Every structure is written in structure tokens, then in C-alpha cells.
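Below you'll find the structure, written out as C-alpha cells, and then a few comments.
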Amino acid sequence: MTMDLSVRIGSLELKNPVMTASGTFGYGEEYAEFLDLSRLGAVVVKGLSLLPKEGNPPPRIVETASGMLNAIGLQNIGIQRFIDEKIPFLRTYDTKVIVNFFGDSIDEYVAAAERLSSVEGIHGLEMNISCPNKQAGWCIFGTDPRVTAQVVSAVRKATPLPLIVKLSPNVTDISLMAKVAEEAGADALSVINTLTGMVIDIKTRKPKLANRTGGLSGPAIKPVAVRMVYEVFKAVKVPVIGMGGIMHPDDAIEFLLAGATAVAVGTANFVNPRATIDILDGIMAYMKDEKVEDINLLRGAAHAI
């Protein structure tokens, strides 16, 4: 049976819907010895800022029941080093490259988008307005509708590339935030980033993370993420990229049925470096078993029930 796995994210066509989640796959080359990057629909690289950032002090990661809590703090090498050292490697693979980026002000977001948009080999941008382990003031980008509209609109004017906005789940109504981002110019929405959480050491009676709080990811958050993808799909017309606790093919298929056009695999990469490929193969096996010739026929199928 011939199967069509291609999907569209705005003007960006992916050969299949399986992507990597930013912050869990390095800059791509770290995983190249484990899998053929060309098989992926897209590689989404670790979040970048205009200048390098050291991130938060350690300890920055702690395991939790069915997941992990991280407070890396967006440590990264900066845009210029990425352009000089990382993008040449990624250009050698037949896959789309999507760069996640952020700023500490609207001006920084705009400057980062402008700089990245002129680089050969970058096919799309994912703007992070939703990190749960940065300063409270920074998070206003993803939790205040007015500020969200301002920053997305400003970046939209600064780049011709497909623009994906990564939404925060730490809001009262994610559908509202999705509509705000769509109206401001987003070509697609990433749903969801991590949930804010805390773990306390009962011996020391102190938080286990130096930052106190961090972002919860892994299987524990999947039901929340699926629900939010389902709600956002109903609220907007732009594509939704589903993420949050995808460990196995069935998880990814669940997101597609909820309304996701594509899926991003995150924490699973730490457990199994080949998780993305295993998930892709599992999706193909499911399509064969269910006699589904076009992956797009699965999108939002749960809404018809």
C-alpha cells in the first residue's frame, strides 16, 4: 500500500509529521550517530538567543514519577556560533531545520528573527514565549494576551519564514492564547511546552532544583497535552504541532487524532536516542494496519466521534 506521510506547516512541507522537540535534541549532530536525520520530518534545534547564555545553576534536572523536571534556563551557544558551527552540518541532511529562538524583550525577539531569516538552511522558526523556568517577568510573553499579540506581531513583520509559536500550558485558557497568536500572524502553534512544577527533598526540606521550580515533561503530562491540542484544534485554523509525553507510536497517533498536524518528540530522546525513528515506523505500521493511505486523514478524527 502506498502511503502519503507528508504534511504542511504553513508554507513548509514536511516529508512526515515526526519532529524533534526543542531542548531535547541538541543541535542535531549529537544524535546523528544513532539515526539518519534525513528520515525525520524536521529537526527542531535547542532554543537560541542573540548572545550565548549559561542558564540556571545546578542542580537543573530531577526525575519525577513518569517524567522529569528541568530548569536548564535556556542555556545555549548563541545565534552566531550556531550559524558558524552547527548549520553547516545540518545542511548536509535532507530534512527541514526549524530554529527555536527567544528573547528577553520584544526587540531581542525581532533581532533574533531577522538574523536567523537570512541564513541558508533554516526553513522555519519556532518562537518560544513559554519557558516555565525563566524569571516571572519573562513569562509574560506567553501568559498575557496583549503582550503575546505584540511580540508575535512584531516577529511576524521581521521574518518571511514560516513562524511557529510555542504556547504555554500554564494559562487559564490555552484556546484564547492560541487565537491571539493566530491573529497576530502565527503560521502554526506548538502545543504544549512543559508544565511548571516543583520537587522537595524531604531530608534537606529544600527544593531539589536550584531554581526551585522547573518544567515538567514526560508521560505524566500527556493527557493534559492531548486535551489542550484537542481544544486548540477547535479554536484555530492554523496547524497544531502536538507535544508532551510522546514516548511511543500510539502516543503520537493520539495527538494526530486530537488534531495535531505534526508531533514533536522530546523527553523520549533521553531514554531512547532512536525514539523519533521508532515512532515514525510505528505510525507507518498503524496506517498499514488501518488501511490509511494519507496521514492527513487522521488529523482531528477524534472530533468526528
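A few comments on the model shown:
- Loop-located trypsin sites (Lys or Arg not before Pro) in the range 37-72, at most 16 other Cβ atoms within 10 Å (DSSP): none
- Anisotropy class of the range 249-305 from Cα gyration tensor, a/c 1.5 cut: oblate
- If the chain linking R146 and S66 were pulled fully straight, counting 0.36 nm for each residue of separation and taking away their Cα-Cα distance, it would gain 25.3 nm.
- Dipole-positive endmost among N211, I79, A112 within the chain (Cβ charges, Cα centre): N211
- Residue with peak Gaussian network fluctuation, the chain [Cα springs, cutoff 10 Å], from F255, F101, F82: F82
- Pair-distance distribution of the chain: all C-alpha pairs, bin width 10 Å, starting at 0; shares per bin in whole percent are 6, 30, 38, 21, 4, 0.
- Of A158, L195, V180, farthest towards positive along the dipole that unit charges on Lys, Arg, Asp, Glu beta carbons give the range 95-208: L195
- J(HN,Hα) series, the range 273-287, from Karplus relation 6.51 cos²θ - 1.76 cosθ + 1.60, nearest Hz, glycine and proline x: x, 9, 4, 4, 6, 4, 5, 4, 4, x, 5, 5, 5, 4, 4
- Ellipticity at 222 nm from helices only: DSSP H runs of n ≥ 4 in the chain, each -39500 (n - 2.57), divided by the residue count, give -8500 deg cm²/dmol.
- Among T143, T276, T172, residue whose mean-square fluctuation peaks in a GNM of the chain (springs only between Cα atoms under 10 Å): T172
- A Gaussian network model of the chain, with springs between Cα atoms under 10 Å, assigns the largest mean-square fluctuation among K86, K206, K157 to K206.
- Reachable aspartates and glutamates, given that their alpha-carbon falls under 20 Å from the alpha-carbon of K208 and they are not under 8 places away in the same chain: E54, E63
- Ranking L51, V7, I295 by how far each Cα lies toward the positive end of the dipole of the chain (charges on Cβ) leaves L51 at the top.
- Around the Cα centre of the chain, unit charges on the Cβ atoms of Lys, Arg, Asp and Glu (plus for the first two, minus for the last two) sum to a dipole of about 840 debye.
- Links that overshoot a 28 Å alpha carbon limit, given the list K166/K291; K86/K166; K96/K237: K166/K291
Any read-out appearing in this document is the output of simple, stated calculations on the displayed coordinates, not a laboratory observation. In this text, all values refer to a predicted model and were calculated from it rather than measured experimentally. Cβ coordinates were reconstructed from backbone atoms using ideal geometry, including for glycine residues, and neighbour counts include every protein chain displayed.
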